[in-house]
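*Asks:* Once you've had a glance at the structure underneath, I'll fire off some questions.
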Amino acid sequence: MTILSTLAANAAMFACEINFNDAEAHAGTSFVPFLGFMVFLIGLVFCFIGIVKINDAKKQWYLFYDNRDKDDRKQPKYAKEKKTGIIFVVIGVVCMIASFIIMR
């Protein structure tokens, strides 16, 4: 019990020492830099996924390749995958540009 009461007293003392109305003491603790970084990171991931989708639509990447597994890359599903990859790259670039606008 004494440990808990000591911890409670220390927590109360620490809470009383913080002046939450002092704006200068908390300068630079904004969430905007974090938000800008996260938007940039999301854009980077979208670009990477888009490039992988475009590359996958153009070439066959198999770990164990057999000539019987050969696909015709002119099929509509591969054209759709390439289009999806291009859309992902565009979304990623827009997110990365938006992150720099957020940071301003």
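*Asks:* List the pairs whose first member sits in the range 67-87 and is closer than 17 Å to Asn55 by Cβ, whose second member is modelled with pLDDT of 85 or more, and whose Cβ atoms are under 6 Å apart, counting only residues at least 6 apart or on separate chains?
*Replies:* Glu81/Lys53; Lys82/Ile54; Thr84/Lys53; Gly85/Gly50; Gly85/Lys53; Gly85/Ile54
*Asks:* Can you report the number of residues in the range 73-104 which are among the aliphatic types (A, V, I, L, M) and open to solvent by less than 50 Å² (accessible area, probe 1.4 Å)?
*Replies:* 3
*Asks:* Only one of Asp72, Asp66 is over 30 Å from Cys95 (Cα atoms), at pLDDT 65 or above and touching a Phe, Trp or Tyr at 6+ places or on another chain (Cβ under 9 Å); which?
*Replies:* On inspection, the qualifying residue turns out to be Asp72.
The values are calculated or read from the model by the stated rules, or taken from the named source; none is laboratory data. Note that the structure is a prediction, hence the values are computed from the model and not measured. Neighbour counts are summed over all protein chains in view; Cβ atoms, including those assigned to glycine, are modelled from backbone coordinates with ideal geometry. Just the protein is used for accessible areas: all its heavy atoms, side chains included, with ligands, DNA and RNA removed. Shrake-Rupley method; radii C 1.70, N 1.55, O 1.52, S 1.80 Å.
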